[in-house]
1. Examine the range 318-326 for a residue that is out of contact with any Asp or Glu (no Cβ under 8 Å at 6 or more places or on another chain), among the small types (G, A, S), in the same structural domain as G237 (by TED's automatic domain parsing) and assigned to a loop (DSSP other than H, G, I, E, B), and state whether such a residue exists.
2. What number goes with the only condition from (1) of a type in the set (D, E); (2) under 16 Å from I258 (Cα atoms); (3) at pLDDT below 95 that D389 does not pass?
3. For the condition assigned to a helix (DSSP H, G or I) and either without any contact (Cβ under 8 Å) to a residue 24 or more places away in the chain or under 25 Å from T312 (Cβ atoms) (or both), what is the one hit in I214, I200?
4. For the range 291-323, what are the residues that are of a type in the set (A, V, I, L, M, F, W, C) and either in contact (Cβ under 8 Å) with a residue 24 or more places away in the chain or touching a Pro at 6+ places or on another chain (Cβ under 7 Å) (or both)?
5. Restricted to the range 92-112, and to residues that are assigned to a strand (DSSP E or B) and among the β-branched types (V, I, T), which residue is nearest to G181 (Cα to Cα)?
6. Return the residue satisfying two criteria in turn: it lies in the range 133-152 and is part of a loop (DSSP other than H, G, I, E, B) and touching a helix residue (DSSP H, G or I) at 6+ places or on another chain (Cβ under 9 Å), and of such residues it is surrounded by the fewest Cβ atoms within 10 Å (Cβ to Cβ).
7. Taking the conditions exactly as written (surrounded by 13 or more Cβ atoms within 10 Å (Cβ to Cβ), modelled with pLDDT under 90 and assigned by TED's automatic domain parsing to the domain that holds Y249), does D211 satisfy them or not?
8. Which one of the conditions (1) part of a helix (DSSP H, G or I); (2) over 30 Å from S41 (Cβ atoms) does M115 fail to meet, given that it meets all the rest?
Amino acid sequence: MLTLALMLLASALTYYLSAANYGTLFTQSRKTNAAAGREFSVLLERIDKYYIGEFDAAEVSAAAMHAAVEALGDRWSYYMTPEEFAEFLDSAENQFAGIGVGVVVNEDAGGMEVMYVYRDSPAEKAGIDPGDVIIGIDGKKLAGLGLDEMREFLMRPIGETADIELIRLRGVTQTIQVVYGKIFSSPISHEMLENKIGYISIGNFDGGAADGFIDAAGQLLRQGARAFVFDVRNNGGGSVNEMTRMLDYLLPEGEIFISSDKSGRESIITSDPDKIDVPAIVIVNRYSFSAAEYFAATLREYGYAEIVGEQTTGKSRSQITEPLPGGGALHISSGQYMTKNRVDLYEAGGLTPDYPLVLSDDEFMMYVSGNLAPNDDPQLQLALSLVQDGVTASR
């Protein structure tokens, strides 16, 4: 259910004066923008007329667009070139172009070792398996190259083909032709842990996250889950719609998202009465941004979950993406949000866990690489012990 609450201005006079002031500022802004546009056009003409070297006018313009948005001093706002915008649109839907493999450098074999293969990906359809080592692409050997250089060779537009040379698990060298496609990478993973504790990792809140989360939670509940651990570590945020759908699924009726726009007009999203009545713990870290920390904060304010981990950074601005005539786009902060209890997470300095615990540098690196086993993950183990205590106490 979406409920819009409009902040009424104190009086018609206040409104009139505010509108008049806004009109004056808008007129001044248009004059300033027009002058700046003329100045930049003259600048490009002078560069073209006098510069002794070669230059790419498109690159100069793109650099100026990037710099203009950076001058706002807002880390969450930025300009995207047409190419960057296309990648952004794919990433916002948890999609990317490629063959669908995760790789690491294997120096001994002189290539990229396949660590995992995405389901229904071109790589899976071509028969590439985890453990295979990619040693050549279209006849070009990868030995001696760094990972970034290897990935450059691996990149192709959708629909193109590449001859991938592999060392298979049994040591045989084989060349396989792969057709590049679009791969969906689900941000949700889940499993049932000991004592019927359902674990759900939320990688981001972009496209498909809510459906994946609701499906995962439903599966775990049908398997008898008595509690949940939600892991939003290293989650950079995502869509308000995806996040509020998850909160709506978990929480009873009430406010779950409050934001205000440039004019101070407030919008409120509320949840339906249905709820999931099992205890939960949320794990966060310093890289839990935006929707991730808001998700954790809202669950705590409703008394649904406690929080384990480390202090988050604190973000309280939401962004919109506006396409531009040249094919690029402006991603800009357009709203300020607060939690149900009207807490601004930026002003609060982030989210403070109920149970602070920071991973060591080695543990963190192992977690990022996917090599930190559950039994060796102190934050996860603390979360499991706390949620188990909650289950036991409620019996």
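The values are calculated or read from the model by the stated rules, or taken from the named source; none is laboratory data. Everything numeric here is computed off the predicted structure, so don't read it as measured data. Note that each Cβ is placed from the backbone with ideal geometry, even for glycine, and that neighbours are counted across all protein chains shown.
1. Checking the range 318-326: at least one residue is out of contact with any Asp or Glu (no Cβ under 8 Å at 6 or more places or on another chain), among the small types (G, A, S), in the same structural domain as G237 (by TED's automatic domain parsing) and assigned to a loop (DSSP other than H, G, I, E, B).
2. (2)
3. Details: I200 fails: assigned to a helix (DSSP H, G or I).
So the residue among I214, I200 that is assigned to a helix (DSSP H, G or I) and either without any contact (Cβ under 8 Å) to a residue 24 or more places away in the chain or under 25 Å from T312 (Cβ atoms) (or both) is I214.
4. Correct list: A291, A292, F295, A296, A297, L299, A305, I307, V308.
5. V101
6. Of everything passing the filter in the range 133-152, D138 is surrounded by the fewest Cβ atoms within 10 Å (Cβ to Cβ).
7. Numbers: surrounded by 13 or more Cβ atoms within 10 Å (Cβ to Cβ): yes; modelled with pLDDT under 90: no; assigned by TED's automatic domain parsing to the domain that holds Y249: yes.
So D211 does not fit the description; no.
8. (1)
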